[in-house]
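Structure first, commentary second.
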């Protein structure tokens, strides 16, 4: 009873101490309207958000420093702004620690006039372990407290591109989906565990990506709980060997029990990709099997690199499947990494990437 009173007093104190930073006080009111179609984006800081396509955005997950100006602007456009939630699972196995963490996040959301939380926990979990059950409880209890303390708030949870223990993330996906409002499926980094040949491949090959949504749906998870996440970045792989057929052998970098992974490459933002492809040795190439673009270039030391990425041509069929599978929506990691400058080519590329989220 005492701990409940402490939590209640903390929540009331947070509400009283918060002063609305917006020019119009009504912009500090939480967004409660449910949109039929979600365009769920991640913002990692800076001011590029001023150039986003706000006619599309419904939810912004803030993974950078809190920006009151962003919150006010998003609310003016009817878009939710949600916190990032991450915590070591070993810590929240303890019920008191779990309750304290959730309470802290609710207090923070209230003090910053936020509309919910995006839980981004990508830790390895063994099925049936204490962490397995703690994570499931965390999502349920977070959703219950947020819904109670901030009516109409949204609780989302980020999941791997497939529910089949990807990266040893053996979560109780069904119960988690039932407990929260949305699952954001991270349909990227799909080469985080390469079990076959150690070669450069697409970040999110089409067939593999879409098959994984069927895996989620076959678990009887409602399609209206599922948001597809697509990558707005690519991987730059230095080739240890470059075959006559254009196959790029990469360094063996183990990850969570497999000998090879995309950690052999470096993530590159879309704006870098668009500049680099123009000066590459190959120009833009297309792989029919993986339905993805790539290119090859030589660095200053003469080493060949192979770069795999996504662009409107590879994203469009994925977005079309969001409609055909009747999913809740689409989003990307992350919204900041396009080129929002006034360069005419960049503006066209940026517009096409945003438009691709709605399909072909």
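The values are calculated or read from the model by the stated rules, or taken from the named source; none is laboratory data. What you see is a predicted model; the values in this text were computed from it and never measured. Methodologically, a virtual Cβ is constructed for each residue, glycine included, from the backbone with ideal geometry; neighbour enumeration extends over all protein chains shown.
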Checking residue 42 against (1) surrounded by 12 or more Cβ atoms within 10 Å (Cβ to Cβ); (2) part of a helix (DSSP H, G or I); (3) modelled with pLDDT of 95 or more, the condition it does not meet: (2)
Wholly enclosed strands (runs of 3 or more DSSP E) of the stretch 263-338 bearing at least 2 residues within 18 Å of the chain's Cα centre (by Cα) and surrounded by 21 or more Cβ atoms within 10 Å (Cβ to Cβ): 329-333
From 154, 123, 191, residue being touching a residue at least 24 places away in the same chain (Cβ under 8 Å), within 21 Å of residue 32 (Cβ to Cβ) and touching a strand residue (DSSP E or B) at 6+ places or on another chain (Cβ under 8 Å): 154
Residues of the stretch 288-337 classified as over 21 Å from residue 56 (Cβ atoms) and either in contact with a helix residue (DSSP H, G or I) (Cβ under 8 Å, 6 or more places away or on another chain) or without any contact (Cβ under 8 Å) to a residue 24 or more places away in the chain (or both), total: 13
Candidate set from the stretch 215-226 (those that are surrounded by fewer than 23 Cβ atoms within 10 Å (Cβ to Cβ) and touching a residue at least 60 places away in the same chain (Cβ under 8 Å)); member that is nearest to residue 161 (Cα to Cα): 217
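Residue-by-condition table, conditions (1) in contact with a helix residue (DSSP H, G or I) (Cβ under 8 Å, 6 or more places away or on another chain); (2) within 30 Å of residue 96 (Cα to Cα); (3) at pLDDT 95 or above; (4) assigned to a loop (DSSP other than H, G, I, E, B):
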{"site": "15", "(1), (2), (3), (4)": "yes, yes, no, no"}
{"site": "20", "(1), (2), (3), (4)": "yes, no, yes, yes"}
{"site": "33", "(1), (2), (3), (4)": "no, no, no, yes"}
{"site": "53", "(1), (2), (3), (4)": "yes, no, yes, yes"}
The lone exception for residue 360 - which of (1) at pLDDT 95 or above; (2) under 26 Å from residue 52 (Cβ atoms); (3) surrounded by fewer than 21 Cβ atoms within 10 Å (Cβ to Cβ) it fails: (1)
Residue in the stretch 56-64 that is more than 17 Å from the chain's Cα centre (by Cα) and outside any strand (DSSP E or B) present: no
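Being without any contact (Cβ under 8 Å) to a residue 60 or more places away in the chain and either touching a helix residue (DSSP H, G or I) at 6+ places or on another chain (Cβ under 8 Å) or more than 30 Å from residue 347 (Cβ to Cβ) (or both), is that true of even one residue in the stretch 269-282?
Looking through the stretch 269-282, none of the residues is without any contact (Cβ under 8 Å) to a residue 60 or more places away in the chain and either touching a helix residue (DSSP H, G or I) at 6+ places or on another chain (Cβ under 8 Å) or more than 30 Å from residue 347 (Cβ to Cβ) (or both).
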Among (1) closer than 29 Å to residue 38 by Cα; (2) crowded, with 19+ Cβ neighbours inside 10 Å - the single one residue 239 does not satisfy: (1)
Residue 245, sole failed condition from (1) in contact with a strand residue (DSSP E or B) (Cβ under 8 Å, 6 or more places away or on another chain); (2) closer than 14 Å to residue 199 by Cα; (3) surrounded by fewer than 19 Cβ atoms within 10 Å (Cβ to Cβ): (1)
Of the criteria (1) at pLDDT 95 or above; (2) in a helix (DSSP H, G or I); (3) more than 19 Å from the chain's Cα centre (by Cα), which one residue 49 fails: (3)
